[in-house]
Amino acid sequence: MIKVFIDGSAGTTGLRIREMLGRREDVTLLTLPEALRKDREARREAINAADAVFLCLPDDAAREAAGLVENEHTVVIDASTAHRVADGWAYGFPELSAAHRDAVRKGKRIANPGCYASGFIALVYPLIAAGIAPKDYPFVCHAVSGYSGAGKKGIAEYEAAERSPLYDTPRLYALSLEHKHLPEMRKVCSLTRTPVFCPYVCDYYCGMTVSVPLFSELLCVKVTAADVKEVLRAHYDGSYFISVGEEPSGYVSANTLNGTNRMELLVGGGEERILLTARFDNLGKGASGAAIQNMNLALGLDERLSL
């Protein structure tokens with residue numbers, strides 16, 4: 001029986017992980033009484049009694065929790081931003097390359113990717129790896145997410161009985177062009193130029209689209225939208241959870257993959273201008289689903305369990 005402890009199980013990501021793992025017969029969830037949920041020693045004991053620990057905490061609390069691990073066999077999966085570019089932590093996106101998958105399989109410290117970053121990296125990493133896009137390409141990224149990505153406080157604001165009408169519209173943020181996902185977007189893709197990232201939070205619960213436009217003439221080799229689609233298709237060939245869809249027409253809805261761990265990549269445009277889009281559940285492949293996939297791989301299980 002696999003013993004799992006979720007440190008921060010009251011948050012959105014932790015609740016989804018708990019719900020999904022609670023249906024498994026091979027998992028026992030270790031829990032603490034409410035009075036001890038934030039008790040350091042009680043958490044230390046639970047962490048070191050577990051085969052796998054999920055850290056669904058603010059960054060500083062996640063760093064503190066990681067410091068409580070004494071059992072060398074315990075696998076730690078951190079859903080916060082704290083360790084995504086830290087040395088000694090595997091980046092938990094196994095579909096990116098054989099090296100990424102191997103690092104997750106062998107890793108005892110796994111940093112779960114950010115939701116927006118997952119979409120951007122899924123689109124851009126293959127282009128850098130194939131030598132199609134230069135590392136100094138001036139990437140621009142536009143993304144929309146349901147309000148579940150704003151955390152407990154943001155969810156409460158959106159679901160308040162008497163809220164401002166400003167919440168009815170898409171709301172652009174990170175206007176300083178600084179965002180907590182940018183360091184991993186840059187490092188994982190080996191970029192030398194920080195992307196311009198424009199995220200929006202919108203009035204629906206979950207689901208996400210991440211879009212990256214390209215000018216063919218600025219790439220290392222001149223390619224068309226059809227060429228890029230084939231590059232992405234080849235890169236993710238054999239993946240259970242990432243697929244390349246048909247050319248988009250009409251509208252691309254952000255919530256079509258809700259409740260799954262799937263990510264669909266779409267390529268539009270033509271010979272001169274190309275539009276790449278990833279759509280997925282920000283609570284699935286963008287958070288809880290990816291975390292469980294990483295746990296499965298690190299424990300030597302079928303990565304599709306629970307997913």
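The values are calculated or read from the model by the stated rules, or taken from the named source; none is laboratory data. Note that the structure is a prediction, hence the values are computed from the model and not measured. As a convention, Cβ positions derive from the backbone with ideal geometry for all residues, glycine included, and neighbour counts pool all protein chains shown.
For segment 260-300, the tally of residues that are surrounded by fewer than 16 Cβ atoms within 10 Å (Cβ to Cβ) and free of Cβ contacts under 8 Å to residues at least 60 places away in the same chain stands at 4.
Out of (1) under 19 Å from the mean Cα position of the chain (by Cα); (2) surrounded by 15 or more Cβ atoms within 10 Å (Cβ to Cβ); (3) of a type outside the set (Lys, Arg); (4) assigned to a helix (DSSP H, G or I), the odd one out for Ala174 is which? That leaves (4) as the condition not met. Among the residues in segment 151-164, are any modelled with pLDDT of 95 or more and of a type in the set (Val, Ile, Thr)? So far as segment 151-164 goes, no, none of its residues is modelled with pLDDT of 95 or more and of a type in the set (Val, Ile, Thr).
Right, Tyr200: under 19 Å from the mean Cα position of the chain (by Cα), at negative phi and of a type in the set (Ser, Thr, Tyr) or not?
Spelling it out, Tyr200 is indeed under 19 Å from the mean Cα position of the chain (by Cα), at negative phi and of a type in the set (Ser, Thr, Tyr).
Residue pairs whose Cβ atoms lie under 9 Å apart, sitting 6 or more positions apart in sequence or on different chains, and linking a residue in segment 161-190 that is more than 18 Å from Ser80 (Cβ to Cβ) and without any contact (Cβ under 8 Å) to a residue 24 or more places away in the chain to a partner that is of a type in the set (Asp, Glu) and surrounded by 11 or more Cβ atoms within 10 Å (Cβ to Cβ), are Arg163/Glu157; Ser164/Glu157. Can you say whether Gly149 is part of a helix (DSSP H, G or I) and in contact (Cβ under 8 Å) with a residue 60 or more places away in the chain, as far as the supplied structure shows? Yes; evaluated as a whole, the condition is true for this residue.
State all residues of segment 103-125 that are out of contact with any Gly (no Cβ under 7 Å at 6 or more places or on another chain) and closer than 13 Å to Asn294 by Cβ; if no residue qualifies, say none.
The initial filter retains those residues of segment 103-125 that are out of contact with any Gly (no Cβ under 7 Å at 6 or more places or on another chain), namely 103, 105-108, 114, 116-117, 119-125.
The answer is Ala103, Arg105, Lys106, Gly107, Lys108.
Can you confirm whether Leu257 is assigned by TED's automatic domain parsing to the domain that holds Pro134 and touching a residue at least 60 places away in the same chain (Cβ under 8 Å)? Judged against the criteria, Leu257 is not a match. Being modelled with pLDDT of 95 or more, closer than 25 Å to Gly284 by Cβ and touching a helix residue (DSSP H, G or I) at 6+ places or on another chain (Cβ under 6 Å) holds for only one residue in Tyr240, Tyr205, and it is Tyr205. Residue count for segment 203-241 under the criterion of being exposed (fewer than 15 other Cβ atoms within 10 Å of the Cβ) and touching a Ser or Thr at 6+ places or on another chain (Cβ under 6 Å): the result is 1. Looking across segment 210-261, the residues that are of a type in the set (Asp, Glu) and assigned to a loop (DSSP other than H, G, I, E, B) come down to Asp237, Glu246, Glu247.
Conditions tested, residue by residue: (1) assigned by TED's automatic domain parsing to the domain that holds Gly67; (2) more than 18 Å from the chain's Cα centre (by Cα).
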position	(1), (2)
Glu95	yes, no
Ala103	yes, no
Leu123	no, no
Pro126	no, no
Ala129	no, yes
Pro138	no, yes
Gly151	no, no
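Sort out which residues of segment 31-68 are surrounded by 14 or more Cβ atoms within 10 Å (Cβ to Cβ), more than 19 Å from His83 (Cα to Cα) and either touching a strand residue (DSSP E or B) at 6+ places or on another chain (Cβ under 7 Å) or among the aromatic types (Phe, Trp, Tyr) (or both), and write them in order of number. The answer is Arg43, Ala46, Ala50, Asp51.
The number of residues in segment 105-121 being under 15 Å from the mean Cα position of the chain (by Cα) and either among the β-branched types (Val, Ile, Thr) or not in a helix (DSSP H, G or I) (or both) comes to 6. On inspection, Ser118 qualifies as of a type in the set (S, T, N, Q), within 20 Å of Val196 (Cβ to Cβ) and crowded, with 24+ Cβ neighbours inside 10 Å.
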